[in-house]
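The values are calculated or read from the model by the stated rules, or taken from the named source; none is laboratory data. This structure is a prediction, so every number in the text was calculated from the model and none was measured. FYI the Cβ positions are ideal-geometry reconstructions off the backbone, even for glycines, and counts take in every protein chain you see. The accessibility values were calculated without ligands, DNA or RNA, using every heavy atom of the protein model including side chains. Shrake-Rupley method; radii C 1.70, N 1.55, O 1.52, S 1.80 Å.
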Amino acid sequence: MAGRSRIWAVVGASFVAVGLLIRLAMAWGVSHSPPAPTGSRPSPSPEAGAVALRPGDYLPPRNLCERVDFAEFAELFHPQGVRDGYDTGLEPELVSGSMCEQSMARGGTGVVEVTVLCSAYRDVDKAVETFEVGLRAPYGPVETVAGLGEQALRYRASNGAGIGMTVLVRNLYCRVDATPAPPLTDAEVDGSFTAMRQLLQTLLPKLAA
């Protein structure tokens, strides 16, 4: 029994020693490890090369379907069903906006899905960057649209089916896309571009209010 007691005494001392080593290691790690990030961004400073935001004039659009009725397409297509839309804002600290879409009949079994999306960026430069990315998007050749916003473009999808138009005004970026099945005729393409331009001309003043 005495031998067994000595064995347990040794085992107990070993556990105490191991526990002491663990506590010392934890204390060493706490005292010497770098501080955990707080999640806050560093304050802007010229020395750090920080770039100040250039806030624009437009607030993030909301409830876009209340401001778009797609009447500009009435001479081409016939709306079917109700308009459907939702507000966007996965990165509200960067950009936020709203989307609205309408399904339209073309006669027979043809259908066109027309979508309008408008987003307001916190920074004008970011809105310009987004617009310029559109120039490099996988579309066919883009064409400038004169007299619409600060910059405007129209384009066809590389597969020749969908068409669209984008416009930039300060920190506001809007686009209209038409996705048809089957592809649009040349007359429908021309008419759709005219309708898109009219829709955006009507919509932009509403978003400034």
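What the Cβ-Cβ distance of residue 94 and residue 71 gives, at R0 = 25 Å and to the nearest 0.05, is a FRET efficiency of 0.15.
Using θ = phi - 60° in the Karplus curve 6.51 cos²θ - 1.76 cosθ + 1.60, the 3J(HN,Hα) couplings for segment 112-121 round to 10, 9, 9, 10, 10, 10, 10, 9, 10, 8 Hz; x is entered for Gly and Pro. When each of the peptides 112-123, 144-155 is scored by how many other beta carbons lie within 10 Å of its residues on average, the order from highest to lowest is 112-123, 144-155.
Accessible surface computed residue by residue for segment 55-209, with neighbouring protein chains in place and a 1.4 Å probe, gives 51 Å² per residue. Here the label points at residue 82 and residue 146, each 7 Å from Cα along the C-beta direction, are separated by 4.3 nm in the simple model. Remark: relative contact order (segment 74-124) = 34 percent; criterion is Cα-Cα distance under 8 angstrom and separation of 6 or more residues. In segment 64-106, the alpha-carbon atoms span a convex hull of 77 Å³ per residue. The orientation-averaged shadow of the Cα convex hull for segment 62-176, equal to a quarter of the hull surface, comes to 7.9 nm². Between residue 201 and residue 62, the simple spin-label model (points 7 angstrom out along Cα→Cβ) gives 3.0 nm.
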